[in-house]
Amino acid sequence: MVSEFSHRPVVVLPEDGALRPRLLALLEAGGVPVADAASPELDVAVVDLEAPGAAEARERLKQLAPRAAILGVVTPRPSVEAVVLEVVAPHALEQELLPRLSHLRARLATLKEAQQRQRDLQVLLELTARYAEATDVRQLFHDVTRRLAEEVQVDRVALVVVDGDRGEGTIIAASDDEALHDHKIELSRYPEVREAMRTSKPVVVEDAPSHPLLEDVKDTVVARGIRNLAALPLVVRGQVQGILLLRRSTVGPFNPREVEFLSTVASATAVAFRNVRQLERIRGQREREKSARIAAEDRLADMKRYAAYFDHLSDGVAILDARACVLSLNPAGQALLDQSAVDAFGKHINALTNPSDEALLLDVLFAVSRGQVRNDVDLHARTASGRKLTLSVSAGALTGDTGDGVAILTMRDVTRQRQMAEELHQTSDFLERLIDSSPDAIIAADLKGYIMLFNKAAEAICGYRAVDAIGKLHVTKLYPEGLSRDLMGKLRSTEHGGPGRLSSSRATIISRTGEEIPVNLSAAIIYEGSRETATVGIFTDLRDRLSLERKLTDAEARLLESEKNSVIVALAGTAAHELNQPLTSVMGYAELLKRKIKESEPTWRPVDIIHREAERMAEIVKKIGRITKYETTDYVGNRKIVDLEKAASHDE
């Protein structure tokens, strides 16, 4: 509450009311300053309406502070007067006094804003009426600037016509000095004006001496005591033609409502400014109209000798007077505009061509009246029979002894050419989008080797941005040493797809980081007739494909090894099973023989050897039965045999 009321005092009435001490304490606790007495600047009075002297206190308040609103302290009842905008019951003062005061001030602010906007609207209507009725242009703009200065309380309002090409402006009206009409200024000394011209938007500068935009002219701003500035552009057909410039040394910065109001005024002034310029142009033409027309007619008579020449031109030719009305139209022009020479005579050129933009042709003729020549201006026209054409118009002034100001206008039908150009533009856009959307890199280079096309896929693969590659990067930087020459040799040979073509082949390119990237390359030479003009290559990144191929090869090798192991294990198991039976018999009979023969007998040793070797064979067969994988070892004659120790599982 403190921040809301600390800068706006209230008065508590009546001064001898029973609730006054309580009210003062509540307001002080809430941080609301209290005035000793009513004054004209007072906006709110807290009045104890049930106190004995309330009526007299309100009468004094009405005299001393007629604009003050009343916050009444009274037990709510239907008979409370409408002039009392807020009420609070005595028993609820602690809870409701400050909120009610806040609400009352919010209502007053809303009411004041509505009244101010109503006043802005009245001023705008007044200015609009002035724009519509005034005949003295100089006095009109001076009155407008003076009225604005009074309304928004500024030191000066100036209307400035700007010429960005020359970097200068012309003050055509100033609120505080009528003598400043046609005063030239240098735009370099007015950065706020240049900023409004650049952005075509209002520029508001608060605390001008410390604002960074005005750093270069800070000393001048300080010397003139300027605190706040506003520059509002006068935009005509998308171009800033003038600036409404305001400066203020007191009151405070421009608030949003003022900026909105001034922007509306600037828009209305821009329309009026455009109309005034056209009106001045028409007035100037009318002043010369009679003599110019007579001179034009005399000139037309003098130009009879050129009639045969004009009659045989394939372009339409019209001779215009100072009002842009037709004096003569050659046969080509008659056929072009579907008008006879008799029907065309005396018609305004806009009525003859029915352009979609009437101001365009008038601008051309205005330039001609200033001695300029305008060439190849496209004009969208409609003939008397309703045909829609695009005309390429050129215009120039005809000067001579018979007077100045008459123009000659030539017209050529370029409808088909412009349609083809538009179709070509659309096709070009489509092809660019198509190339950019390709998943394969597409790179083209001129015959000197500099890149001229580099699509988004090429950016992704090579690591270069198109803006850094086109016209700057040589194609040899993308290939290993010598590969670009080899590719050009293949392109020009007949062995790789025909002259000028290179069928799909493996290649390697170098990325910006130096990485060698395997690609599938197709290329071609681009010809104009029989002359080589450029080369183009389409690159498919093979890194993912090669990685997949390596994975498939590894998987096949593991599968083959697994199958080999399976065969070995099965064969070993079968051999062990088949050998065990006869070997068991051999071992059994050898054991019986050893038991029957004494060790002293000569036959005992051979039988013992047979028994021991049979046991050794049984151990070998047992190892064969435990084979789980294929492991080999070297043998005589560079041969390989199964390594039973490594191949057999040792799990019992």
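Candidates in the stretch 546-564 are the residues that are more than 19 Å from Thr632 (Cα to Cα) and among the hydroxyl-bearing types (Ser, Thr, Tyr); of these, the one that is least open to solvent (accessible area, probe 1.4 Å) is Ser547.
Within the stretch 37-49, the set of residues being open to solvent by 50 Å² or more (accessible area, probe 1.4 Å) and either under 17 Å from His103 (Cα atoms) or at pLDDT below 85 (or both) comprises Pro40, Glu41. Of the residues making up the stretch 169-201, those that are surrounded by fewer than 18 Cβ atoms within 10 Å (Cβ to Cβ) and under 22 Å from Val271 (Cα atoms) are Thr170, His181, Asp182, Glu195, Arg198, Thr199, Ser200, Lys201. All conditions in (1) under 20 Å from Ala322 (Cα atoms); (2) open to solvent by 60 Å² or more (accessible area, probe 1.4 Å); (3) not basic (Lys, Arg) hold for Ser394, with the sole exception of (2). Here Val373 fits the description: at pLDDT 85 or above, of a type outside the set (D, E, K, R) and exposed (fewer than 12 other Cβ atoms within 10 Å of the Cβ).
When you look at Arg227, is it farther than 21 Å from Arg147 by Cβ, touching a residue at least 60 places away in the same chain (Cβ under 8 Å) and open to solvent by 80 Å² or more (accessible area, probe 1.4 Å), yes or no? For Arg227, the condition - farther than 21 Å from Arg147 by Cβ, touching a residue at least 60 places away in the same chain (Cβ under 8 Å) and open to solvent by 80 Å² or more (accessible area, probe 1.4 Å) - is not met. Six or more apart or on different chains, Cβ under 7 Å: which pairs go from a residue in the stretch 14-29 that's in contact (Cβ under 8 Å) with a residue 24 or more places away in the chain to one that's of a type in the set (Ser, Thr, Tyr) and part of a loop (DSSP other than H, G, I, E, B)? Could you list them? Going by the 7 Å Cβ cut-off, there are no qualifying pairs. Collect the residues in the stretch 613-641 that are assigned to a helix (DSSP H, G or I) and loosely packed, with under 12 Cβ neighbours inside 10 Å, keeping them in residue-number order. Listed by number, the residues that qualify are Arg616, Glu619, Val636, Gly637, Asn638.
Considering each residue of the stretch 65-77, count those that are within 21 Å of Arg8 (Cβ to Cβ) and exposed (fewer than 15 other Cβ atoms within 10 Å of the Cβ), and give that number. Residues in the stretch 65-77 being within 21 Å of Arg8 (Cβ to Cβ) and exposed (fewer than 15 other Cβ atoms within 10 Å of the Cβ): 2 in total. Of the helices (runs of 4 or more DSSP H) lying entirely inside the stretch 247-341, the ones with 1 or more residues being over 30 Å from Asn228 (Cα atoms) and at pLDDT below 70 are found at 256-302, 304-311. Within the span defined as the stretch 499-507, every residue fails to be assigned to a helix (DSSP H, G or I) and open to solvent by 60 Å² or more (accessible area, probe 1.4 Å).
Show the residue pairs that are 6+ apart or on different chains and have beta-carbon atoms under 6 Å apart, the first residue being within the stretch 370-396 and within 18 Å of Asp343 (Cβ to Cβ), the second being of a type outside the set (S, T, N, Q) and open to solvent by 80 Å² or more (accessible area, probe 1.4 Å). Partner pairs satisfying both residue conditions: Arg382/Lys388. Only one entry of Arg8, Arg60 meets the criterion of being open to solvent by 80 Å² or more (accessible area, probe 1.4 Å) and at pLDDT 85 or above, and that entry is Arg60.
Restricting to the stretch 352-370, count the residues that are surrounded by fewer than 17 Cβ atoms within 10 Å (Cβ to Cβ) and outside any helix (DSSP H, G or I). Residues flagged as surrounded by fewer than 17 Cβ atoms within 10 Å (Cβ to Cβ) and outside any helix (DSSP H, G or I) within the stretch 352-370 amount to 4.
Tell me yes or no: at least one residue of the stretch 201-221 is within 28 Å of the chain's Cα centre (by Cα), at pLDDT below 80 and not hydroxyl-bearing (Ser, Thr, Tyr). No, the stretch 201-221 contains no residue that is within 28 Å of the chain's Cα centre (by Cα), at pLDDT below 80 and not hydroxyl-bearing (Ser, Thr, Tyr). Cβ-Cβ contacts under 7 Å between residues 6 or more apart (or on different chains), taken from a first residue in the stretch 470-485 that is farther than 17 Å from Ala534 by Cβ to a second residue that is among the small types (Gly, Ala, Ser) and surrounded by 13 or more Cβ atoms within 10 Å (Cβ to Cβ), are listed as Leu483/Ala507. Only one of the listed residues (Ala590, Ala570, Ala524) is open to solvent by less than 50 Å² (accessible area, probe 1.4 Å), free of Cβ contacts under 8 Å to residues at least 60 places away in the same chain and either within 30 Å of Lys622 (Cα to Cα) or among the hydroxyl-bearing types (Ser, Thr, Tyr) (or both). That residue is Ala590.
Does Ala397 meet the test of being assigned to a strand (DSSP E or B) and more than 40 Å from the chain's Cα centre (by Cα)? Against the criterion (assigned to a strand (DSSP E or B) and more than 40 Å from the chain's Cα centre (by Cα)), Ala397 qualifies.
In the stretch 405-459, what residues are within 25 Å of the chain's Cα centre (by Cα) and loosely packed, with under 12 Cβ neighbours inside 10 Å? Across the stretch 405-459, the qualifying residues are Glu422, His425, Gln426, Thr427, Ser428, Asp429, Phe430, Leu431, Arg433, Leu434, Ser437.
The values are calculated or read from the model by the stated rules, or taken from the named source; none is laboratory data. Only a predicted model underlies this, so the values are computations on that prediction, with no experimental measurement involved. When we count neighbours, we look across all protein chains shown, and the Cβ atoms used for this are built from the backbone with ideal geometry, even at glycine. Accessible surface areas use protein heavy atoms only, side chains included; no ligands, DNA or RNA. Shrake-Rupley method; radii C 1.70, N 1.55, O 1.52, S 1.80 Å.
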